[in-house]
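The values are calculated or read from the model by the stated rules, or taken from the named source; none is laboratory data. Please read all numbers here as calculations on a predicted model, not as lab measurements. Positions of Cβ are generated from backbone atoms using ideal geometry, with glycine treated the same way; all protein chains shown enter the neighbour counts.
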């Protein structure tokens, strides 16, 4: 299971209802922050997830609305709120990391005594982190400039241990069962040899979560997104403004929904929402193509499981009123 906490869901500039882009992914014992727009550390506090273990930061790209919050967050860690964190790893493309280095070491930490180590790790396509139960992959996406990335969190395929078969065969609880789960043969006290195939079920594919920030096209995303239980992606524009979307390197809600259809996605979570549109209009456009769509809101929490439904939203969050009109029709939302 993965959990996603949306900390900021606005495009380019904050609004009354939405902060700048950031979300947290909880994956087993690890926590990942994806992007860090201005004000993210306050959203972390408001969400209740806290700073503990939040020491891996994945940056989709280097535009300011996605990285400016790093200054405040790292400054806070440097002063007092490090929650036992000794090292922070920041992953990004080369151009993104150059900008982050200038922000952190040229401005924020110029006069600070840093109690933690900051590692800037350049992203390459492929697996960037492996845990016991899942892999995290980075893949290139098209936006303005170079070094833009999306991310896939994917649980490893497993074969469930069939307890009833083990009991029928007289396999004792303990290390013997663990060895069978790991694919090893065992020999029981009575001399019988037991193979994993005798007590393991059919392969079960793990949960797959794809997280994509700003993006200009979808045709080159399909290989990575294919079969995802959940796709998180921007929808900065509506289809009526498709020309503007292309000009600024973004996609529309309709394009995001079509990608979900083409790739057999379980659920679509739209973020990076422009202030020029009503939420209901974004949702209506996407759901005409892909019904299982949500427009994410700040501080909402989604659980992503293999068992249906693929996505479970924290129920209390949907009681908030939806903004009824665009807050600022003059917004450019070009970042």
Exercise for the section: Kindly indicate whether any position in region 142-153 is over 30 Å from residue 245 (Cα atoms), exposed (fewer than 14 other Cβ atoms within 10 Å of the Cβ) and either out of contact with any strand residue (DSSP E or B) (no Cβ under 6 Å at 6 or more places or on another chain) or at pLDDT 95 or above (or both). Expected result: no
Exercise for the section: Please enumerate the residues belonging to region 6-24 that are assigned to a strand (DSSP E or B) and surrounded by fewer than 23 Cβ atoms within 10 Å (Cβ to Cβ). Expected result: 24
Practice task
Having 2 or more residues that are outside the structural domain of residue 177 (by TED's automatic domain parsing) and touching a helix residue (DSSP H, G or I) at 6+ places or on another chain (Cβ under 7 Å) is the bar; report the strands (runs of 3 or more DSSP E) wholly within region 54-160 that clear it.
Solution key: 87-92, 117-122, 149-155
Problem - Qualifying residue in region 98-119 (condition: surrounded by 19 or more Cβ atoms within 10 Å (Cβ to Cβ) and under 28 Å from residue 208 (Cα atoms)) - result: no
Practice task
Report yes if some residue within region 171-189 is in contact (Cβ under 8 Å) with a residue 40 or more places away in the chain and either surrounded by fewer than 15 Cβ atoms within 10 Å (Cβ to Cβ) or under 28 Å from the mean Cα position of the chain (by Cα) (or both); otherwise report no.
Solution key: no
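Of the residues 317, 312, which single one is in a strand (DSSP E or B) and modelled with pLDDT under 95?
312
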Practice task
Hey, can you tell me all the residues within region 161-178 that are assigned to a helix (DSSP H, G or I) and in contact with a helix residue (DSSP H, G or I) (Cβ under 8 Å, 6 or more places away or on another chain)?
Solution key: 165, 166, 169, 177
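Going residue by residue through region 242-264, is there one that turns out to be on the phi > 0 side of the Ramachandran plot and buried (at least 17 other Cβ atoms within 10 Å of the Cβ)? Step through it out loud before you land on a result.
The initial filter retains those residues of region 242-264 that are on the phi > 0 side of the Ramachandran plot, namely 249, 264.
The next check asks that each one be buried (at least 17 other Cβ atoms within 10 Å of the Cβ); those that pass are 249.
Looking through region 242-264, at least one residue is on the phi > 0 side of the Ramachandran plot and buried (at least 17 other Cβ atoms within 10 Å of the Cβ).
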